[in-house]
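**Student:** The structure that follows is given in the form of structure tokens.
The values are calculated or read from the model by the stated rules, or taken from the named source; none is laboratory data. This structure is a prediction, so every number in the text was calculated from the model and none was measured. Cβ placement follows ideal geometry from the backbone for every residue including glycine, while neighbour counts extend to all protein chains displayed. Heavy atoms of the whole protein, side chains included, go into the accessibility calculation; ligands, DNA and RNA do not. Shrake-Rupley method; radii C 1.70, N 1.55, O 1.52, S 1.80 Å.
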Amino acid sequence: MEQQLQQLKEEALKKIQDAQGVKELNDVRVAYLGKKGPITDLLKGMGKLPAEERPKMGALVNVVRETVTEALESRMAVLEEAAIQAQLENESIDVTLPGRPAPAGNHHPLTRVVEEIEDFFISMGYEIAEGPEVEKDYYNFEALNLPKGHPARDMQDSFYISEDILLRTHTSPVQARTMEAKKGEAIKIICPGKVYRRDNDDATHSHQFTQIEGLVVGENIRMSDLKGTLDLFAKKMFGADREIRLRPSFFPFTEPSVEMDISCFKCGGAGCNVCKKTGWIEILGAGMVHPNVLKMAGYDPSVVTGFAFGMGPERIAMLKYGVEDIRHFYTNDIRFISQFNRTEA
């Protein structure tokens, strides 16, 4: 048995030394020290030996096992170090190469347009006013010269939560609340926010959209002030060579009321697909604050006047960036949003 042990040891040590890889060395370990290996079999067969021989043979088997184990560990350390060196040589990194920049996020195109509009009006001395999206019928309609049963309410078919509570259909309630809170003081605000109307979603309509309204109230506020403000706004958003025109219209909360068009920025007024061959593009609605609205808010229309306007940032963004479908703004498609890098001056 001693001769068999010596032979096993020499055989194992040779195979350990000849192993050229970690996997090959592991195979040697399993072959000799595994549960079915010859050294383990010898240990299991110790019970068949005479009692007086067992201690001597047990010690010899343990010596062989320890010798093989130490040789395995030593060879494993050499092979692992060689593997690391080979990996370093094959996967070397040129630290002088420029790094790969992490992609930076962008503002949503609607957010960009809203912020651009806000910045413009803030520069003109306006303040930003906000209000609840779940609104009372009184502020959404009645305080704006739209009593219950008024036919103009049909133009803003609404999501009612109860008889007197609804999702606001415009940001005009913020104007009514601000006038009520100011108690006769001068006002110069814009009101951005989400609004909701029961509308069929298509390329140009959405049941939820964004609106920005403006309100100026004080003494000697004239239609010419409104026109000058809107002219500056059009030039800021669409270029210094833009012209505007005001067309008569109807809104229950303003009198007189107008629609504002800008000269087509694509064809310069010659007529194209953007302006539908008219040379003009409708942008927003506006007008002088109706005396009834001033009265309900506690203002004296014989002393103060005001003007108001309202616009949809989605429409402005669609024109500004050439977007053909309003639904692109809400589908969260990263391929669409990633096009709007901050590369503009």
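**Student:** Restricted to the range 233-286, and to residues that are open to solvent by less than 20 Å² (accessible area, probe 1.4 Å) and closer than 14 Å to F307 by Cα, which residue is modelled with the lowest pLDDT?
**Tutor:** P252
**Student:** Would you mind telling me which numbered condition in (1) of a type in the set (S, T, N, Q); (2) over 21 Å from M311 (Cβ atoms); (3) without any contact (Cβ under 8 Å) to a residue 60 or more places away in the chain N140 fails?
**Tutor:** So N140 meets the others, but not (2).
**Student:** Then there is this: Picking from A143, A129, A176, which residue would you name as being of a type in the set (G, A, S), within 26 Å of V303 (Cβ to Cβ), touching a Ser or Thr at 6+ places or on another chain (Cβ under 7 Å) and surrounded by 18 or more Cβ atoms within 10 Å (Cβ to Cβ)?
**Tutor:** A129
**Student:** Could I ask something else about it? Scan the range 276-325 for residues that are in a helix (DSSP H, G or I) and over 33 Å from the mean Cα position of the chain (by Cα) and report the count. Quick ask: steps written out before the conclusion?
**Tutor:** Filtering the range 276-325 down to residues in a helix (DSSP H, G or I) leaves 291-296, 313-321.
From the residues that got through so far, the ones that are over 33 Å from the mean Cα position of the chain (by Cα) too are 291-296.
Residues in the range 276-325 being in a helix (DSSP H, G or I) and over 33 Å from the mean Cα position of the chain (by Cα): 6 in total.
**Student:** Right, something else. Check off (1) closer than 25 Å to E24 by Cβ; (2) surrounded by 10 or more Cβ atoms within 10 Å (Cβ to Cβ); (3) not basic (K, R) for H108 and give me the number that stays unchecked.
**Tutor:** Here H108 meets the rest and fails (1).
**Student:** Can you run down the residue pairs with Cβ atoms below 8 Å, 6 or more apart or on separate chains, where the first is in the range 4-23 and of a type outside the set (D, E, K, R) and the partner is not in a helix (DSSP H, G or I)?
**Tutor:** So the pair list comes out empty.
**Student:** Let me spell it out: the conditions are (1) of a type outside the set (A, V, I, L, M); (2) within 17 Å of V114 (Cα to Cα); (3) touching a Phe, Trp or Tyr at 6+ places or on another chain (Cβ under 8 Å), and S206 meets all of them except one. Which number is the exception?
**Tutor:** Tallying (1) of a type outside the set (A, V, I, L, M); (2) within 17 Å of V114 (Cα to Cα); (3) touching a Phe, Trp or Tyr at 6+ places or on another chain (Cβ under 8 Å), S206 fails exactly one: (2).
**Student:** Can you report the number of residues in the range 1-43 which are of a type in the set (D, E) and at pLDDT below 75?
**Tutor:** Result for the range 1-43: 2.
**Student:** Under 6 Å between Cβ atoms, which residue pairs at least 6 apart in sequence (or on different chains) link something in the range 93-121 that is in contact (Cβ under 8 Å) with a residue 40 or more places away in the chain with a partner that is open to solvent by 80 Å² or more (accessible area, probe 1.4 Å) and among the charged types (D, E, K, R)?
**Tutor:** Final answer for the pair search is F120/K236.
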